[in-house]
1. How large is the dipole of the stretch A:160-317 about the Cα centre if only Lys and Arg carry +1 and Asp and Glu carry -1, each at its Cβ, rounded to the nearest 20 debye?
2. Fully extended, how many nm does the chain gain between residue A:212 and residue A:291 (0.36 nm per residue separation, minus their Cα-Cα distance)?
3. State log₁₀ I(q)/I(0) for the stretch A:1-110 at q = 0.10 Å⁻¹ as given by the Debye formula over alpha-carbon point scatterers of equal weight, solvent excluded.
4. Using only the alpha-carbon atoms, how far is helix B:22-37 inclined from the longest principal axis of chain B? Give it as 0 to 90 degrees, nearest 10.
5. When the Kirkwood radius is taken over all Cα pairs of the stretch A:119-203, what Stokes-Einstein diffusion coefficient follows at 37 °C and 0.692 mPa s, in µm²/s?
6. Going by amide H atoms built from the backbone, whose H comes under 5 Å of the H on residue B:6, apart from near neighbours?
7. Roughly how big is the stretch A:366-471's charge dipole about its Cα centre, with Cβ charges of +1 (Lys, Arg) and -1 (Asp, Glu), in debye to the nearest 20?
8. Please report, to two decimal places, log10 I(q)/I(0) for chain B at q = 0.09, 0.11, 0.18 Å⁻¹ as given by the Debye formula with identical point scatterers on the Cα atoms and no solvent.
Amino acid sequence: MKTVEEYYDVVVVGAGHAGCEAALAAARLGCETIIFTVSMNSVALMPCNPNIGGSSKGHLVKEIDALGGEMGKNIDKTYIQSKMLNKSKGPAVHSLRAQADKDAYSMTMRYTLQNTDHLTLRQAEVTELIVEDGVIKGVKTFSGAIYHAKTVVLATGTYLKARCLYGEVVNYTGPNGLQAANYLSQSLKDNGVELYRFKTGTPARIDKRSVNFDVMEEQFGDEKIVPFSFTNKEEDIKREQISCWLTYTNEETHKIIRDNLDRSPIYAGVIEGTGPRYCPSIEDKVVRFADRKRHQLFIEPEGEFTNEMYVGGMSSSLPEDVQYAMYRTVKGLENVKIIRNAYAIEYDCINPNQLKLSLEFRNIQGLFSGGQFNGSSGYEEAACQGLIAGINAARKRLGKDPVILDRSQAYIGVLIDDLVTKENHEPYRMMTSRAEYRLLLRQDNADMRLTPIGHEIGLIDDERYDKFLLKKEQIEKEIERLKHVNIGANKTVQELLESLGSTKLNSGSTLEELIKRPELNYECLAPIDPDREPLDDDVAEQININIKYEGYIKRQLQQVEQFKKMENKLIPDTINYDEVHNLRTEAVQKLKAVHPHSVGQASRISGVSPSDISVLMIYMEQMRHRK
Amino acid sequence: MTIDGITLNIVDTAGIRDTEDKVESIGVERAKKEIESADLILFLMDTSVQISEEDIEILQRIRDKKKIILLNKSDKATEESGFEQSALKEYISEETPVISISAKYGDGIDNFIMELKNMMFHGRIDVNQEVYITNARHKDALAKTYESLECVERSIEAGMPEDFFTIDLMNAYEKLGLIIGESVEEDLANEIFSKFCTGK
């Protein structure tokens, strides 16, 4: 029988958030790329929460955009509500979150894929990797078709040997009843890839018409919209927003859950996978925080043209009857109708310690991976890995060095370094507390940090780059100017200061010094700064933050300098840890397993102590002397 | 250095004698100062020769200090050498330990250490109760920790969000970590190579 055989530069397996970014990046860098999905209706699917961004995830989306990825642009086109979170806190933790119209999000991304040059979108299940002598050669699909490729990116999400569970019900499907991928796991094992089994879960979707919103608190979007993409201005994307609603569980809810715990597949031991501690099911919350009398629930629209609402905060795998009973104890949900049941999903993923920081498998050349397949959780975490995997798969094809972002450059760098370096036994979720250099890695300056890199890679075109350079110049010039604008202690100045609750001037000051006062900022001093040229909001924001927090930023930059010294101490590939005297056995095992790229990375491996690092550095120095 | 858990900061001084040599006289002056501030004097005498006037002068100078007299070169001490141990009695009290040792062969060193510990543990050495920082690196780390903690204090007082003062808190933590070995700085290997020859 004749089989179909095609040739590509890059094959991407899976068209979720990771796969889409990977395929777009590779195609945009000029590689002939094909992306496989089990269903054309599940491209960039949001099978769980209906929002993009949020605490630290918003940072990831802005970084993806700054590098030339698609997620930020796609959500800007399809959001139905936008909010900057944590505004009462410092600028490091401000996080943008948008509610998405799920269908629109998915369709818009599919449209983008289908209209990108060098990119083919194909519905088929990939069942086998073709590997020869440790080098990837292509993939085989269920029909037997062979797709030859120079590099392959795996982004299978939660589909590998997936099964969905609630109560006694088990469906051998991927999320949302979609076909699972049941063959690829075996092919991975045959090629020596170590697999983990993780689980996650999602709440029920309910009918809007069965909800009593009158007893809930309405959650509005922001009036001032901050776009995710640096290519958009507020006026480009401003639109009418749709509200979310806040309500709470209560003790009756918790009692029903406790009484039925034995019917939960997780507590009954049917599920073997490890779930995310940071995104617990309602059963977990009730058990782990037994003293809490209520938990917040957000009722969020799934889109503009659907009556489905998402019950945020109440994911579960309890049986259908218990789901009805518990949801109906919630204020406003007394008569709720469920459209889709809550469920837990279990799937195969890999131990990401098998990857290099470029997201290429150490033992299979040319094979890259990203997203939940790598043991992460969340759309944004997936997308940013997909982007990096796609870029590096393309660069490998083009004979270029991989792009690796470090922990001082981006949350993306923190995420990938954590995955590849540390032990990870549950779906990995991004959090601001994971980043050491938070004050530098803000969501507002992602373009300052990463757009030059995106341009160099080739995903940011010259037009966008020129705009970026102009913005940068405006910021620098204005900061310099403010240092030299002297303000006298005249009546207008004193009155303004007084009205802003600030101390009056004794003698002169510069505008820069005034901006540094906690109660003042760049914006509010406009009346005493007549020479000021009008600047865009995002430019003004950079000026303000850079001046106000100059001292802190400088000190954090010094920390980064120290950090870089350790990162720049590269460990030779040929190192034999057995030869390093005085290294503890545990450290030897861990170092062999992770194979760190630098001493800095080695120091972050759990089980490798500071004294092991000292020993390693002395050994490396001795080796250097010997040469 | 540490002997059986006792941390000692030992200063090897120049011999004390009258000299016209400028450089040497600086050393002598320094030695005299060290005698003033030391908790314990280890007076090393050469038993292969007679007690000199300079020795006597030193004994007089350290009359009121806690001390151990170490009679070195016990291996060479013979009657002919003319060293009269009894002559020391005039200058030292009865409790002052006098121990014969041979630095060359290690004889008597055990006795010396035993005596040292006795004096320490029985409170016969009046050790300054203040905490001593014996390592310049540690001193530097502590100074920087202090500086950073002051920054933290100022930030908290100014009502800054935690992401700001954690910068300085981390700095303080890292510096303290250097002392107890919880953090490692990149120049560690250089530091070690500058102090020791670790061979090739």
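What follows draws every value from the coordinates through simple rules; no lab data is involved. Keep in mind that this is a model prediction, so the values were computed, not measured. With ideal geometry, Cβ positions are generated from the backbone for all residues, glycine too; neighbour counts draw on all protein chains shown.
1. 620 debye
2. 25.7 nm
3. Values returned for q = 0.10 Å⁻¹ are -0.35.
4. 80 degrees
5. Approximately 229 µm²/s, per Stokes-Einstein.
6. none
7. The dipole of the stretch A:366-471 has a size of about 80 debye.
8. Taken in order of the listed q values, log10 I(q)/I(0) reads -0.56, -0.74, -1.28.
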